[in-house]
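J.: Have a look at the structure that comes next, please.
The values are calculated or read from the model by the stated rules, or taken from the named source; none is laboratory data. Not measured: the values here are computed from a predicted model. Using ideal geometry, Cβ is built from the backbone for each residue, glycine included, and neighbour counts are taken over all protein chains shown.
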């Protein structure tokens with residue numbers, strides 16, 4: 001299987017972890033030797049209810065027995081998609097009422113960028129340095145990391161960049177700007193939160209010049225920060241909201257949401273302004289609906305802040321220089337990329353799954369399922385601290 005994996009399945013890096021998966025349940029993933037791995041990553045924030053959650057599995061199986069794909073997006077009335085978009089609206093501010101369901105977060109970013117251009121008649125998009133919004137051509141165009149883009153140029157024209165949290169850069173948002181796209185918490189850059197009132201000031205500047213504010217909640221959304229959506233922590237409501245990852249409950253999904261007035265612009269002039277075959281797929285929508293119901297009807301969101309406190313208390317070590325993020329969207333920084341790499345790889349051998357961030361090589365991702373127990377948190381942190389002790393002793397002896 002390892003040989004076939006490398007020969008037939010396209011890889012995303014020269015050195016994939018290549019763990020051969022047997023099954024997964026709750027906070028654990030099992031390899032084909034039946035070794036259990038405590039999951040502190042949750043599929044990169046995509047499995048908020050852990051693995052094989054019974055309510056999600058039940059919803060998927062029930063929908064499978066009824067029908068799967070029947071028609072391209074937006075033509076037929078399919079109950080799972082309608083109920084999902086309605087439930088999203090019920091938990092969002094009034095101006096975020098209509099949702100377009102897509103197959104992935106990056107596709108939702110593409111739709112949001114198109115909507116900003118269609119609504120304003122302008123072409124300029126402003127994004128943040130060290131931002132990550134996906135890897136398709138439009139999403140890559142607003143990625144603020146040239147090293148990842150240079151091999152694929154030319155990309156979209158009229159994209160400009162500002163520094164996240166730099167208020168002096170807000171004057172770059174002008175009457176030429178169609179939209180400003182930001183992550184409510186910068187993910188790939190190292191889980192960087194907005195400074196107080198920053199997002200409010202960006203929104204005010206957008207309103208002043210007639211631009212739209214797009215907030216990317218693909219990672220912070222769906223309960224991960226102690227609120228259903230990250231922007232709720234920062235007193236700023238976007239014009240267009242983009243979600244993905246955790247919304248699907250482990251199945252592939254993306255969504256962008258705006259007012260009915262804005263979203264209806266994609267219906268005409270031209271017709272089919274945004275179109276997808278599999279967006280809103282009934283099985284995936286059923287999974288997302290069950291996930292969203294469980295998160296909003298349980299205490300999981302409130303518990304994320306308690307679990308954050310526990311992580312911060314436990315992750316105290318000379319080689320942990322800083323813990324960033326909010327709720328269960330956390331990352332800690334070690335003194336070097338070499339220490340981070342050694343920690344992640346050694347922890348995997350000991351049965352704990354950690355992962356990297358895209359643009360901050362010293363960071364270690366901590367984004368477990370929201371359902372993780374406090375005992376599991378203690379178990380994983382004990383492994384981390386033990387490995388850091390080993391690394392520290394090795395470094396000192398040298």
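J.: Can you go through 109, 125 and tell me which one is surrounded by 22 or more Cβ atoms within 10 Å (Cβ to Cβ) and part of a helix (DSSP H, G or I)?
T.: Exactly one residue qualifies, and that residue is 109.
J.: Here's something else I'd like to know. For the stretch 210-327, give me every one of the strands (runs of 3 or more DSSP E) that falls completely inside it and has 3 or more residues that are at pLDDT 95 or above and buried (at least 24 other Cβ atoms within 10 Å of the Cβ).
T.: Strands (runs of 3 or more DSSP E) meeting the threshold: 212-216, 240-244, 254-258.
J.: Go through the stretch 260-294 residue by residue and tally those that are within 22 Å of the chain's Cα centre (by Cα) and more than 21 Å from residue 103 (Cα to Cα).
T.: Total meeting the criteria: 1.
J.: Return the only residue of 134, 138 being surrounded by 14 or more Cβ atoms within 10 Å (Cβ to Cβ) and in a loop (DSSP other than H, G, I, E, B).
T.: On the way: 138 fails: in a loop (DSSP other than H, G, I, E, B).
That would be 134, the only listed residue that is surrounded by 14 or more Cβ atoms within 10 Å (Cβ to Cβ) and in a loop (DSSP other than H, G, I, E, B).
J.: On the given criteria, is residue 107 closer than 26 Å to residue 242 by Cβ and without any contact (Cβ under 8 Å) to a residue 12 or more places away in the chain?
T.: Numbers: closer than 26 Å to residue 242 by Cβ: yes; without any contact (Cβ under 8 Å) to a residue 12 or more places away in the chain: no.
So residue 107 fails the test.
Rundown of residues vs (1) assigned to a helix (DSSP H, G or I); (2) under 22 Å from residue 120 (Cβ atoms), yes/no style:
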| site | (1), (2) |
| --- | --- |
| 149 | yes, no |
| 160 | no, yes |
| 165 | no, no |
| 168 | yes, no |
| 174 | no, yes |
| 179 | no, yes |
| 200 | yes, yes |
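Residue by residue, here is whether (1) surrounded by fewer than 22 Cβ atoms within 10 Å (Cβ to Cβ); (2) touching a strand residue (DSSP E or B) at 6+ places or on another chain (Cβ under 7 Å); (3) outside the structural domain of residue 132 (by TED's automatic domain parsing) holds:
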site	(1), (2), (3)
352	no, yes, yes
361	yes, no, yes
366	no, yes, yes
370	no, no, yes
375	yes, no, yes
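J.: Related question: Which of the following residues is assigned to a helix (DSSP H, G or I), modelled with pLDDT of 95 or more and under 19 Å from residue 47 (Cα atoms): 376, 390?
T.: Details: 390 fails: under 19 Å from residue 47 (Cα atoms).
Checking each option against the conditions leaves just 376.
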